[in-house]
1. Hey, any hits in region 665-684 for a residue that's under 25 Å from residue 566 (Cα atoms), among the acidic types (Asp, Glu) and part of a loop (DSSP other than H, G, I, E, B)?
2. Among the residues of region 334-362, write down those that are at pLDDT 90 or above and either in contact with a Ser or Thr (Cβ under 8 Å, 6 or more places away or on another chain) or of a type in the set (Lys, Arg) (or both).
3. Let me spell it out: the conditions are (1) in a loop (DSSP other than H, G, I, E, B); (2) of a type in the set (S, T, N, Q); (3) buried (at least 22 other Cβ atoms within 10 Å of the Cβ), and residue 657 meets all of them except one. Which number is the exception?
4. Does region 287-299 include one or more residues that are surrounded by 24 or more Cβ atoms within 10 Å (Cβ to Cβ), at pLDDT 95 or above and among the charged types (D, E, K, R)?
5. Please work out which residue is nearest to residue 77 (Cα to Cα), limiting yourself to region 13-61 and to residues that are at pLDDT 95 or above, of a type in the set (Lys, Arg) and not in a loop (DSSP other than H, G, I, E, B).
6. Quick one: which residue in 229, 315, 250 is at pLDDT 95 or above, surrounded by fewer than 24 Cβ atoms within 10 Å (Cβ to Cβ) and assigned by TED's automatic domain parsing to the domain that holds residue 433?
7. Mind checking which residues of region 648-669 are among the hydroxyl-bearing types (Ser, Thr, Tyr) and modelled with pLDDT under 95?
8. Counting only residues that are of a type in the set (A, V, I, L, M, F, W, C) and out of contact with any Ser or Thr (no Cβ under 7 Å at 6 or more places or on another chain), which one in region 276-286 is surrounded by the most Cβ atoms within 10 Å (Cβ to Cβ)?
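The values are calculated or read from the model by the stated rules, or taken from the named source; none is laboratory data. Source: prediction; values computed, not measured. Here the Cβ positions follow ideal geometry from the backbone for every residue, glycine too, while neighbour counts run over all protein chains shown.
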Amino acid sequence: MIKYFFPILLFIVFSACNNAVKKNRLATASSLYLQEHADNPVDWHEWNDEALNIAKKENKPLLVSIGYASCHWCHVMEKESFMDTAVARIMNENFVCIKVDREERPDIDNIYMYACQLISGGGGWPLNAFALPDGKPFFVGTYYSKSGWISLLKDISKAFREKHDLVVKQADGLTKGIADEELSFGKTDSLVMVSKSVYQNLFDSVYLKTDTVNGGLKGSPKFPMTAVTEFLLQHYYFTGNKKALTAALTTLDKMALGGIYDHLDGGFARYATDNEWRIPHFEKMLYDNAQLISLYAHAYQITKNDLYKTIITETISFVERNLSSPYGGYYSSLNADTEDGEGEFYTWKEPDFKKIAGTDNLLAEYFNVSPTGNWNKGNNILFANYSPEEFAALKNQTPDQFISLLNKTKKVLLEERNKRKRPAADTKILTGWNAMMIKAYSDAYIATGTEDYLAKAIIIAKFLEKNLLGNDGSLRRNFKDGKTSINGFLDDYAWTAYAFIKLYSVSFDTNWVTLAKQITEHAIKNFYGKDAGLFYYTAANDSKLIVRKMEINDEAIPSSNSIMANLLYSLGVIYDDSSYNNISKRMLSSTLSQVELFPVYHAQWCSLAGLFSQGSYEVMVMGKDAIAKNKELQKKYLPDCVIMGETDKEDLPLLENKLTENKTLIYVCTNKVCKKPVENVSEALAQVK
C-alpha cells in the first residue's frame with residue numbers, strides 16, 4: 001500500500017457518564033448500532049445532505065464516527081466519552097457529529113478507513129474522522145480514551161479556526177491520496193495470459209506467509225482469511241502439492257480446536273487475539289461463519305474428516321439458533337459484550353465448570369480449564385489441544401466412549417450457559433451476507449448430502465428475490481423490520497449473483513442462473529468502469545461521496561471485484577458468452593501487478609488466476625436422474641468445474657441437443673469440446689482428472 005505522510009497537522013495526532021433522558025435523532029435510524037447511540041447527549045446526525053448542509057451553513061467541521069453493533073471498543077468509547085455530557089458539549093459546540101454503521105454504509109467507511117491508513121499505516125473501529133463540511137477528511141483516528149478524546153477535540157477545533165488554510169490543504173492532499181489509489185491499477189486493454197509458472201509463484205509467495213505450526217497467517221492477531229485457505233485447497237487440487245493441503249488443514253484443525261470456535265454452541269468468533277487461535281475477540285459475524293461453512297465443506301469433500309463435518313453441522317446450528325429472522329433471512333452478528341462485560345457470557349470459572357462436567361478432571365483437562373484460569377480474572381476459555389479421537393487415545397478410552405461423554409456434557413454446559421444474559425444480535429439483514437449463507441448452505445448440502453441444507457438455501461434465495469431484488473436486476477442493501485432503506489453496493493450484487501449461480505449448480509433450477517445474469521447485467525451497466533476495467537463500489541447514479549472507490553483487496557471478506565470477476569468467469573461459461581469472460585480476464589489483467597506483489601491479500605484473485613492458468617471443465621448432467629447424479633458427482637471437490645444440468649429441458653446454450661431418451665448422461669467438456677458422454681459418475685470423474 002502506498003503511504004502518504006502529512007506533516008501539516010501532526011500536532012493533532014500526538015493528542016492521541018451521565019444518561020440523557022431525551023432521545024436524539026438516531027432513535028428513528030434503521031441501524032441497531034445507531035439506535036444504541038440514541039440516548040447519547042451528543043447531537044448525532046445520520047449521514048445525509050441535511051447534516052452536510054448544516055456544517056456548511058455553520059462552517060463547522062464534520063466529526064464522522066464509524067463503527068458497528070458487535071464492536072467491543074465502539075461500545076467502550078461510547079460509555080467513556082459519548083455518554084459524558086461534558087464531552088458531548090465540546091462535540092456539539094464545535095462539530096456537526098455524524099454516526100455511521102459501517103455495515104450499512106461500507107462506502108463511507110471505505111473512504112475514511114483508507115484516509116486513516118494513509119495517515120498512520122493502520123486502522124480499526126471505532127473509526128473517528130474529522131472532515132471539512134464537504135466531507136474531505138483532514139484527520140482520522142480510531143479509539144481514544146476520554147482524556148485523549150477531549151484533548152483531540154480541542155486541538156482539532158482550534159486548528160480548524162486558527163489554521164484553516166493548512167487544514168484545507170491537508171484535506172485536499174489527503175483526498176488526492178485516496179483518489180490516487182485507483183491510479184495504481186493497471187489500466188490496460190490487453191488481456192494478460194496467466195501462465196502456470198505465475199500461478200506457482202503466487203502459491204510460493206502465499207505459502208511463505210502461512211503459519212505452518214498454528215495455521216493461518218504468521219503472527220497475531222489471527223483472522224480466518226478464508227480466501228487464503230480456499231486458494232491453498234485449490235492449489236493442492238491442481239498440482240497435488242501436499243504442502244498446500246497440509247497448510248490448509250493445519251489452519252482448519254487449529255481453528256476447530258481453538259477458542260475462536262464456540263465448542264458449546266458452534267460458530268466462530270471474528271478473530272483470535274493470540275497466534276494459537278485460543279483467545280477470541282468474541283463478536284460472531286454472519287459473514288465469517290458463512291464463509292467458514294463453505295471452507296469446511298470443501299475440506300470435508302477432500303478428506304472426509306468427521307471433525308470437519310461436525311464443524312459444518314454445529315456452525316449451521318449456531319446460525320439457525322442465534323441469527324435466523326422470521327422473515328426468512330439471517331441477522332448480521334452477535335455482540336462481543338453483555339452487561340457482565342466482554343466475553344463473560346462464554347467463559348467459565350473452574351468450580352462452575354466442574355459442577356457440570358464432573359470433578360474427575362477429564363473434560364477440564366480436555367478443555368484446558370484450570371483453577372487460575374487461562375484468560376483473565378480466573379476465567380477459562382474452552383479450547384482443546386487434541387481432537388476428541390486423539391484425546392481418547394491418550395486417556396486409553398475408545399473414541400465412541402469419550403465423544404459420547406463430550407457431547408452429553410457440552411449439551412448440559414450450553415443449557416447452563418444460556419441462563420446467563422445473552423449477547424444481543426444486530427437484527428439488520430444484509431443482502432451480500434445472506435448471499436454468503438446461500439452459498440454456505442449449498443456447499444454444505446453437496447458435501448454432506450443433507451437435503452435440509454438445500455431447502456434452507458432456497459428459502460434465503462426466495463427471501464432476497466422477494467424483498468431485495470428489483471424487476472430491473474437492482475438490489476437493495478439492507479432489510480430491517482420489513483423495510484429497506486439503502487441501495488445495494490457492488491458486494492451485494494457480486495455475492496448475490498455468485499450465490500445464485502452456486503444454487504443453480506446444485507439444484508438445476510434455472511430461475512437462479514437467470515436472476516444471476518440479470519443482476520450481473522445491472523451491475524455492468526451501473527458499476528463498471530471501462531477505463532480501469534474494474535467495477536466501482538457504488539453505482540453511477542448513487543449520491544456522490546468525495547471519491548468513487550473500487551474495492552480490490554481480499555481481506556476477511558474477499559473484495560467485491562474479485563467475486564465479480566469469478567462469477568463473470570462462470571457466467572460466461574454457462575451462457576457461452578465471451579463478453580463475460582473477457583471482462584473477467586480484463587479485471588485480472590488490471591490487477592495482476594498488485595496480485596503478484598501482495599498475493600496473500602488478493603487470494604480470491606489468485607484462485608481466479610488458477611482457473612485461467614489451469615483451465616476448467618464444462619460439466620453437463622442431462623436426463624431424468626440428473627439431480628441424483630449431480631449430487632453424487634459433487635461429493636467430490638471440483639473447483640475447476642462449471643456444472644450445469646436439466647432433467648427434461650435444454651434451456652441453456654451448452655445444454656442444447658444433449659438430452660437422450662431414457663438415459664441420464666454426463667458430458668465433460670473443455671472449451672465446448674466434449675469427451676464421450678458417460679452414465680456413471682465415476683467415469684465422469686475420471687474424465688475430469
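1. Within region 665-684, none of the residues are under 25 Å from residue 566 (Cα atoms), among the acidic types (Asp, Glu) and part of a loop (DSSP other than H, G, I, E, B).
2. 334, 335, 344, 345, 349, 350, 354, 355, 356, 357
3. All conditions are met except number (3).
4. Within region 287-299, one or more residues are surrounded by 24 or more Cβ atoms within 10 Å (Cβ to Cβ), at pLDDT 95 or above and among the charged types (D, E, K, R).
5. Among them, the one singled out is 56.
6. Details: 229 fails: surrounded by fewer than 24 Cβ atoms within 10 Å (Cβ to Cβ); 315 fails: surrounded by fewer than 24 Cβ atoms within 10 Å (Cβ to Cβ).
Result of the check over 229, 315, 250: 250.
7. Across region 648-669, the qualifying residue is only 660.
8. First, pick out the residues of region 276-286 that are of a type in the set (A, V, I, L, M, F, W, C): 277, 279, 282, 285-286.
Within this subset, residues satisfying the condition of being out of contact with any Ser or Thr (no Cβ under 7 Å at 6 or more places or on another chain) are 277, 282.
Numbers: 277: 29, 282: 25.
Ranking the qualifying residues of region 276-286, first place goes to 277.
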